[in-house]
1. Sort THR263, THR285 by Cβ crowding within 10 Å, fewest neighbours at the top.
2. By counting other Cβ atoms within 10 Å of each Cβ, how are GLU279, GLU344 ranked from fewest to most?
3. Amide H of PHE86: which non-local residues (sequence gap of 5 or more, or other chain) have their own amide H closer than 5 Å, using H built in the peptide plane?
4. For the residues CYS49, CYS224, CYS85, what sequence is obtained by ranking on other C-beta atoms within 10 Å, fewest first?
5. Please work out the FRET efficiency for the pair ASP296 and ALA64, using the Cβ-Cβ distance as r and a Förster radius of 56 Å; give the result to the nearest 0.05.
6. I want to verify a result. In a Gaussian network model of the chain, Cα cutoff 10 Å, which of these has the top mean-square fluctuation: HIS61, HIS330, HIS112?
7. Evaluated at 25 °C with a viscosity of 0.890 mPa s, what Stokes-Einstein diffusion coefficient in µm²/s does the chain have when Rh comes from the Kirkwood expression over alpha-carbon pairs?
8. Can you work out ³J(HN,Hα) from phi for every residue in the range 75-82, in order, using Karplus 6.51 cos²θ - 1.76 cosθ + 1.60 and θ = phi - 60°, giving whole Hz and x for Gly and Pro?
Amino acid sequence: MNEQRSVASTAYDPEFFQALRQGSRQSAQIIVPIVLDWLQSQSVVDIGCGDGTWLSVFREHGIATLLGIDGDYVDRADLQIPHDCFVAADLQQPLKIDRTFDLVVSLEVAEHLLAYYAKQFVTSLVNLGPVVLFSAAIPHQGGIFHVNEQWPSYWVDRFNAHGYVAVDGLRRLIWDHPQVEPWYAQNCLLFVRGDRLSDYPALQPYVTPHPPALVHPKTYLRRCSQPHPMTKAIELVSVSLLPATTLKRGDALAIAVDYHWHTSDDAAVIDISLTNRDEQVFLKTHLALTRPQTADPRTRLRLDIERLDLAPGNYFVNVGIYTSDWQVTHDLHWHLYALTLTGETSQDGLLQPPLTWQTLP
């Protein structure tokens, strides 16, 4: 758990939210009036609100009762809403809010939580109100610390388990709007508690049991334009799994990485993840790198994982090195290093084990 928070505190810094603010605000200015016209909401809570940009637009449209919830990493000085409208909370844990709201909002947040927490996260959302405006990144959409990108059906199943039905009327209205960011146009759905659907007649024509999985042209083109050949300006030379590639559940794992620095750039970032064949992410961490000050370009790092308490099975260790802004891939080894865990699934253990990075001689 602590590792997840420590990663978040660096991944979701003020620059992260500032980079999103303009596009979020422009998108909200189009989407918020449509949603309010349909729902006539008087109170709104935003889970994963960031700096509160979306809530600030709801406020401009007359919503006085607002609450934003996100991690303690949010810089209060950057909030776009009154400070008393913000509550810091760990989104991985059940949210304990002593009231409900007319509208619950959670936009492009769920993909930032490990799949283990998806069910609980949806439970937190539905406990806060009868209508949820929801979007989450689709597979290969890309983004900082996206660890659970899924097609809409994945989330529909989890909302259905609580008696909430999908309403897919928004995407067709905003699909081609130049002011709306493509991820909102592509992913935004409403989920309504089934026994409250009659309260929202404007939504009833758009009830869709199985919302289609859509890819926005801008998302497609952006992803097509990214896979340039890897620069190899910083090159992964070797990756070793120690003490072995077959371990018992609960054993420690060390991942030793050798890389060569061939660029004059002073900084980069190394990312290590543990996935299965279905691309489900079970562990993900990264570390800022600085160019060695010696003439020797070779550098060795080791990531020590105190214990692995995953279910027995087959996994992959993935290693990538990127520019500091994550926009360019220097080198990436994906699904090259297989890891097998054996043992009993009934053992208790740590979900997020302590991690330690070391520079090796």
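1. By the 10 Å Cβ count, ascending, the order reads THR263, THR285.
2. Going from sparsest to densest Cβ surroundings: GLU344, GLU279.
3. For PHE86, whose amide H was placed from the backbone, the distant partners under 5 Å are GLY68.
4. Starting with the residue having the fewest Cβ neighbours, the order is CYS224, CYS85, CYS49.
5. 0.35
6. HIS61
7. Estimated via Stokes-Einstein, D reaches 112 µm²/s.
8. Per-residue couplings from phi come out as 6, 4, 5, 9, 4, 9, 10, x Hz.
We did not get these values from a lab; they are worked out from the coordinates using the rules stated. Everything numeric in this text was worked out from a predicted model, so none of it was measured. Backbone-built Cβ (ideal geometry, glycine too); neighbour counts: all protein chains shown.
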